[in-house]
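Here's the structure we're looking at; comments come further down.
The values are calculated or read from the model by the stated rules, or taken from the named source; none is laboratory data. Predicted, not measured: the structure shown is a model, and the values here were computed from it. Neighbour counts are summed over all protein chains in view; Cβ atoms, including those assigned to glycine, are modelled from backbone coordinates with ideal geometry.
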Amino acid sequence: MAAISQGTGSKFFFEGESGRNTRGLLRLIILVTIAAAAVASRLFSVIRFESIIHEFDPWFNFRATKYLVNNGFYNFWDWFDDRTWHPLGRVTGGTLYPGLMVTSGIIYHVLRLLSMPIDIRNICVLLAPAFSGLTAFATYLLTSEMTTSPSAGLLAAAFMGITPGYISRSVAGSYDNEAIAIFLLVFTFYLWIKAVKEGSIMWAGFCALFYGYMVSAWGGYVFITNLLPLHAFVLICMGRFSPRLYVSYTTWYALGTLASMQVPFVGFLPVRSSDHMAALGVFGLLQLVGFTEWVRTQLPSKQFQTLLRGLVLVVFAAAFGFLVLLTVSGTIAPWSGRFYSLWDTAYAKVHIPIIASVSEHQPTAWPAFFFDLNMLIWLFPAGVYMCFRTLKDEHVFIVIYSVLASYFAGVMVRLMLTLTPIVCVAAAMALSNILDIFLVAEQPVEGAQPQANGNPRANGPTTATEKLASAIPDTLRSTKTPVVGIYSYLSKSAMTGAFTAYLLLFVLHCTWVTSNAYSSPSVVLASRLPDGSQHIIDDYREAYYWLRQNTHQTAKVMSWWDYGYQIGGMADRPTLVDNNTWNNTHIATVGKAMSSREEVSYPIMRQHEVDYVLIVFGGLLGYSGDDINKFLWMVRIAEGIWPDEVKERDFFTARGEYRVDEEATPTMKNSLMYKMSYYNYNALFPAGQAQDRVRGAKLPAQGPELSTLEEAFTSENWIIRIYKVKDLDNLGRSHQEAGAFEKGNKRKKSGKRRGARVLRVD
Amino acid sequence: MQLRILGLLTGLLGLVSALSAQGSKLVVILEEESEKSKYSQFWSDLQDRGFQITYRSPKDTDLSLFLHGEPAYSHLLILPPKSKGLGPQLTPNLLVDFVNQGSNILLALSSEQPVPSAISGLLQELDITLPADRNSVVVDHFNYDTKSADEKHDVLLLPSPKFSKSETKNFFSVDKLIAMPHAVGQVLGNPSPLLASVLNAPSTAYTYNPKEEGELEDVFATGSQISLVSAFQARNSARFTVLGSAEAMEDKWFDASVQSPGAGKKSEKTGNKEFIRKLSAWTFMELGVLRVGEIRHYLNEGAQKGASNRTDVEKLDIDPTIYRIKNDVHYSVEVSEWSNTAWIPFTTPAGDDLQLEFSMLSPFHRLNLKPSSSNGVSTTYTAEFKLPDQHGIFNFFVEYRRPFYTNVEEKRTVTVRHFAHDEWPRSFVISGAYPWIGGIWVTIAGWVAFVALWLYSAPSQPKRDLKASSAGKR
C-alpha cells in the first residue's frame, strides 16, 4: 500500500501541472539557498575581524554615503568637498558614480521607515554580500535564457555565488562600486537577451533602465556600451538582421543614452567621447540596414539589392571618416588613456604612470585565472563551444562576451571581474549538459536516442549524425545506423562521480580562497604568532585616530595618494591627494615634495599649507606595501611633470640598483621620503646594526637628519609615521641654520667671506 | 595672535600704568651696581613711562628669564658687560628663546669693552655682523664732536635718522644732533627683511682698531654701510634693537653740548635724551604696534547687498565658511595702532596701502583696502570684490610687513564652491537656446501630428482582407 501511495504521490508531485509547481518551488528554494550561501561565504571578514569598511576606495564611498544620509540628496548632488585635494577641492557630486551611495541611502531610509533603524555603516558593510545574492539570481535568469536545461541556470547561480573571482570584490566591507555593478551588469545582459529574443519594447526599455542604473554605479558601464552594439553588429554581419533586433537595439540605445546622460559625471560623454561612438555608429547602421530591408521588400530586384549593399558600405565608410574627422578636430574626445592601456599593456607605464602604478591595473598572471575560477576555467571553453553548436542570437552574445572579456581579463587584473559572470554561465551550460547526459538512469532506446538521452537540445548532434550517416557510404555496419548514448552504468557513475568530486573540490577551493585571500580588510593586518594564534596589527587605525584626536580639524595631511581616502574617512582630515587621482599635476607635486631635498620640499609644503606628512614604512615589520617600495612611482609621476628637477635615474646606483643602504645614491639619501622613513630608525637597534626587513638591507650607521619636519607620531609597529611641518624660523634663518644653532654650532662668520663685498641697499 | 591677546590685556592695565602695549616688566642687566648711577636720567624716564625695572647682574644665580616656561619679563636691556661673557642665564640660545616667545631685547654695545663672543654669535644669527676686532671703533673725521674727541674723532655727531623710502614711518626723528661716542659699527646682512638700520654712519665714517698699529688695510666697513643702531623685528614681532654706543644713554651725553668741526658751527645740546627715549619706546612696544580687531566678510548680494551702508539688514550672515564662484563679497578689517597711551585708528603712511589677497596657491585678487570708517580706536579697512571663477579653498589674506611696524598677518580660510545644479539660468532665459527648445517642441508636435495622421488615414479595409493580411503576417 505504502509503495502504491508513494508511487501516486511522486506521480502527483513530479508530473503534470502540480509537478511543474513543485519544480518551481524547488527551484525557488534552491535559489534562496544559493543566495544564502553566497552571502554567508562573504562574511568571513566580519567574523574574523569586525564590521569594518575595507581597503581604500570603499572608505570614500562610505564617507560619501554618510554625507548623503546626513545632508540629503540634493546637497549630495551639489557637494563641493573642501576636505580633499587641498586647496583645489573636488566637485565630488559631479565626479562620482552615485549609484552605490544612493542605493545604500535608499535602503537606509526604507529600513528606517519600517522602524528598523540600522547604522549606515552596517548597511554599507553588508551591501555587497546582499547584492551577490541578487547577482546569483540574475545569473540564473541569464543562463536560463541560453539553454532549456533547467539545471544550467541553477548551476550558474551557484557558481556565481561562490566563485572567488567575484568574491574578491564583494566580501562584506568591500563597499565599492563593483558591489552592485556586477549584479547590474548581469541583469542588464539578461534583459538585453530577453529583448532581442522577444523583440519587445518593454524588455528593451527595462534593459535601458538598468543600463542607466549601471551607468550611475560604475565606470565599467562602457563595457556594456560597447558589447551590446558589437552583438548587434555581429548579428547584422551574420545576416541575422531582424525587426526584433531593430526594435530592441533602437529602444535600448535611445532610452539608455538619455538615462546615462542624467548622471552628471557622464553628462555629454555618450555623444562626445570615442568610447561611446560604437553604440552610435551601430545605431546609425541599424537604421540603414532597416531601410535597405524595407526597400528590398518593395523592390525585389537583385541588382538593386547589391547596389544598396554597396550604398550601405559607402555610407558606413563615410560615417566612419566623418567620425575620424570629428575626433581629429577635437569635437569628439579621443580614446581615453585607460582605453589605450587595454590594447597596449606597456602604454600606461610610458605615458600615464599614474594608471600603471595601481597594482590592479597590471596584466594578470596566469595562475590567477585558476586561482579565481578554479575548474570553471576549463569548463568555460566547452560551454562556449556548445554555444557554437546551436548558434542562436543569444549564443552569439555569449561568444562575443567570452572572447572580449577573456582578453580584457588577461590585460588587467581588475577586469577578471567582468569575465567571471560569463565563465559561470558557459561553464554551467557545459556542466549541466554533461550531467543531463550522464545522470539519466534509463538506457537510451535504440532508434529514439534523441528523446532518450535526456538532452532536449540534442537536435544538433542528431542532424549531424544523420549528415554523417548520409555522407559515409554504407560499407560499415557501425556507420549504417550510428547509435549515440551512454549505456554503461560504469561510465555514468564514473563521470558523475568525477564531477561530483570536482564540484566538491571547487567549493573547497572557493571557501579556502575566500577565507585566506579575499577576507582581509587591509586596514587591519593579521599575522600569526609562533603558537598559531592570530595577532592583529592595527597601526593604520592607531595612526588615523591619533590624527583625529590630536590635530586641528583643518590640519592638512600630505601623504601619497593611496592613503587619501582612508585619511579622509578614518582621520577626517583634509588631504592633498587621494585615490580619485583626477589631477595628475597635483599628485606629481606631492611626488616632487616626497622625492626632493628638504630645501625644495619645504616651500612646496608651505605653499600647500601642509601641516602633517604621513608615510607608511614597513621596514621594521617586513610589510612590503610601504612607501619606499612605491617610491619609484612617485619619482616617475613627478618626473612626468618636472623632468628637469626629478630624475628617476638619480635614484638608482651606478649599477642600476635601487638601494636604501650605505650605497644608496645621494639623491635617494637626501630625498624627503628616505629621510622620513629612516629618521630615528637607528635608535631601535644596537649601533650600526639597523636593518630594513623589507628590502633586507643594512642601513648606514648614521641616520638621516630632518630640519624642516619634526616627528609627531610613530605607530606601534612603525608602519605609519607622521611628521609635523615646522613653521618658518622666527628669526628668518633657514631651518638648517636654526637647527645647527640649537645644537650649539656657531654660524660661520659671513664677514670672512671671500669675493666682493655685498652691500646692503635700503 | 598671542601678541594681540597680550596687547589687549596689557592695554587694559596700561591705562593706569605702563605705556607699552605689551607689558611693563623690564629687566636690566648690568654688571656693577656703580654703573647704575651713570644712567639715572634714563632710568627715571623709563619709570615715569610705567616700567617696573629690575636690575640684575649677569652673575646673579637666581637670574632667570623664564618662569614656568614663560618669559618672566616683557623686556630686556643688556648693558655691555665687563667680563668675557654674560653667564649661564643669558646664553644665546636662551635669548633666542626669549625672543621667540615674544619678548623684546635692547642690546647696548660699547667699543670701550670688548664684545663677548656669545653676543656676536647671537647677532650673527640675526644676520648682524660685528667687526672681528673686538676693539674696533667707528671714527669719522668730518662729523665728530670737537669738544670731547678732538683728536680721536670717535664721538660721532649725527643728524636725525632719515629713511630713503618715503612710506617708512620715522619713529626716531629728533631735531638735534645725536652723539654716538665710542660706537661699535654693525653690518647688516643683505637679504634679511627683518632687519632695518635706524641710524647709519655718515658716508665718511669707517671702522678702525685703535690698538692696531700701522696702515689701515681691509677695513671692516665704511660709510653708510655701517649701522650704528639696528632694529630687528622677528616674525612674531618681538623686537631686538642693537645700540652701537651704550654711552649714548648715559646722563653725561644727555646733557652734553657738542660742536661739529668746521668753521661757523656752534655748540649745541645733544638730542640723545629724546633719541634714546624714542628708541627704547620703539623697542619696548610703545610705538609702531599694530592690532587687528574684528575681521568680517560676508556675501554682498541679494538681501545683504550693501549691508555696510544700510541699517535695515536684520540678520547679517557674517563670516560664512562657504561662498560660490562669482559671488560678490564684502571684506573688512579693523586695524588700530598703539600710540604711547592708547589705541588709535591706524592710517597707512602716505604712498602705502594695506592690501588684501584672495589666494589659492597664488593670489587671484590683490586689492588695496580702503579706509571706510573710523571709531576713535580703530580704522576699518574694506574691500568689495567679485570672487574669481575658480572653485577651491581660498584665503582672505592680509599681510602688512613694514619696517618698524609689528607684523600683520591675518588669514581667513573660506571654501568657494561651484554652481549648484539649480543655480544655473534656466534654458528659457537663455535666448541662444531658443532654436534647440524650438527643435524639441517641433519634434514632439511633428510626432504627435504624424501619429494622428497615421491613425486617421488608416485605410478602412474589408474584414476578410484584414484577416488575410494578418494571416499573411504570421
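Points worth noting:
- Residues of the range B:343-360 satisfying the condition of being among the aliphatic types (A, V, I, L, M) and surrounded by fewer than 15 Cβ atoms within 10 Å (Cβ to Cβ): B:ALA350
- Residue in the range A:725-741 that is more than 13 Å from chain B (Cβ to nearest Cβ) and at pLDDT 90 or above present: yes
- Residues being in a loop (DSSP other than H, G, I, E, B), within 14 Å of another protein chain (Cβ to nearest Cβ) and either over 27 Å from the mean Cα position of the chain (by Cα) or surrounded by 18 or more Cβ atoms within 10 Å (Cβ to Cβ) (or both) - total across the range B:173-192: 2
- Flag for B:GLU399 being assigned to a strand (DSSP E or B), away from chain A (no Cβ under 11 Å) and over 24 Å from A:TRP85 (Cα atoms): yes
- At least 1 residues being of a type in the set (Ser, Thr, Tyr), under 31 Å from the mean Cα position of the chain (by Cα) and surrounded by fewer than 24 Cβ atoms within 10 Å (Cβ to Cβ) is the threshold, and among the helices (runs of 4 or more DSSP H) wholly inside the range A:575-644 those reaching it are A:584-595.
- Lone unmet requirement of (1) within 14 Å of chain B (Cβ to nearest Cβ); (2) touching a Leu at 6+ places or on another chain (Cβ under 6 Å) for A:GLY105: (1)
- Given (1) surrounded by 20 or more Cβ atoms within 10 Å (Cβ to Cβ); (2) not in a helix (DSSP H, G or I), number of the condition B:LEU95 does not satisfy: (2)
- Checked against the criterion of being in contact with a Lys or Arg (Cβ under 7 Å, 6 or more places away or on another chain) and in the same structural domain as A:GLU705 (by TED's automatic domain parsing), the candidates A:GLY640, A:GLY622, A:GLY618, A:GLY591 yield just one match: A:GLY622.
- Within the range B:250-298, tally of residues that are part of a loop (DSSP other than H, G, I, E, B), surrounded by fewer than 19 Cβ atoms within 10 Å (Cβ to Cβ) and among the β-branched types (Val, Ile, Thr): 0
- Tally of residues being under 18 Å from B:LEU279 (Cα atoms) and within 11 Å of chain A (Cβ to nearest Cβ) across the range B:200-225: 1
- Checked against (1) modelled with pLDDT under 85; (2) crowded, with 18+ Cβ neighbours inside 10 Å; (3) not in a helix (DSSP H, G or I), A:PRO300 passes all but condition (2).
- Residue among B:VAL414, B:VAL408 that is more than 14 Å from chain A (Cβ to nearest Cβ) and either on the phi > 0 side of the Ramachandran plot or modelled with pLDDT of 90 or more (or both): B:VAL408
- For the range A:693-705, the criterion of being among the polar types (S, T, N, Q) and farther than 27 Å from A:PRO603 by Cα is met by no residue.
- The set of residues in the range B:114-136 that are among the acidic types (Asp, Glu) and on the phi < 0 side of the Ramachandran plot comprises B:GLU125, B:ASP133.
- Residue, nearest to the other protein chains (Cβ to nearest Cβ), within the range B:108-144, restricted to residues that are among the charged types (D, E, K, R) and in contact (Cβ under 8 Å) with a residue 40 or more places away in the chain: B:ASP127
- Just one residue in the set A:VAL171, A:VAL196 is buried (at least 23 other Cβ atoms within 10 Å of the Cβ), among the hydrophobic types (A, V, I, L, M, F, W, C), in a loop (DSSP other than H, G, I, E, B) and at pLDDT below 95; that residue is A:VAL171.
- Qualifying residue in the range A:94-111 (condition: without any contact (Cβ under 8 Å) to a residue 12 or more places away in the chain and among the hydrophobic types (A, V, I, L, M, F, W, C)): yes
- Top-ranked residue in the range A:80-102 [being at the interface with chain B (Cβ under 10 Å from one of its Cβ atoms) and outside any loop (DSSP other than H, G, I, E, B); ranked as surrounded by the most Cβ atoms within 10 Å (Cβ to Cβ)]: A:GLY93
- Unique match (being within 14 Å of chain A (Cβ to nearest Cβ) and touching an Asp or Glu at 6+ places or on another chain (Cβ under 9 Å)) among B:SER280, B:SER260, B:SER197: B:SER197
- Among the conditions (1) without any contact (Cβ under 8 Å) to a residue 60 or more places away in the chain; (2) within 14 Å of chain A (Cβ to nearest Cβ); (3) surrounded by 17 or more Cβ atoms within 10 Å (Cβ to Cβ); (4) not β-branched (Val, Ile, Thr), B:HIS330 misses just one, which is (2).
- Taking the conditions (1) closer than 26 Å to A:ASP611 by Cα; (2) not in a helix (DSSP H, G or I) in turn, A:PRO700 satisfies each one other than (1).
- Some residue of the range B:371-387 being part of a strand (DSSP E or B), surrounded by fewer than 17 Cβ atoms within 10 Å (Cβ to Cβ) and within 13 Å of chain A (Cβ to nearest Cβ): no
- Those residues of the range A:501-555 which are more than 14 Å from chain B (Cβ to nearest Cβ), surrounded by 12 or more Cβ atoms within 10 Å (Cβ to Cβ), over 30 Å from the mean Cα position of the chain (by Cα) and not basic (Lys, Arg), in sequence order: A:TRP546, A:LEU547, A:ASN550, A:THR551
- Contacts under 8 angstrom Cβ, first residue in the range B:418-446 being away from chain A (no Cβ under 14 Å), partner at pLDDT 90 or above, 6 or more apart: B:SER427/B:ALA433; B:SER427/B:TRP436; B:SER427/B:ILE437; B:PHE428/B:ILE437
- Residues in the range A:689-706 include at least one that is under 30 Å from B:ALA238 (Cβ atoms) and away from chain B (no Cβ under 13 Å).
Okay, residues lined up against (1) modelled with pLDDT under 55; (2) assigned to a loop (DSSP other than H, G, I, E, B); (3) farther than 30 Å from A:ARG48 by Cβ:
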position	(1), (2), (3)
A:GLY454	yes, yes, yes
A:LYS467	yes, no, yes
A:GLY485	no, yes, yes
A:THR496	no, no, yes
A:SER527	no, no, no
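- Residue in the range B:351-360 that is within 14 Å of chain A (Cβ to nearest Cβ) and touching an Asp or Glu at 6+ places or on another chain (Cβ under 8 Å) present: yes
- Residues of the range B:145-172 that turn out to be over 15 Å from B:VAL229 (Cα atoms) and more than 14 Å from every other protein chain (Cβ to nearest Cβ), as a count: 11
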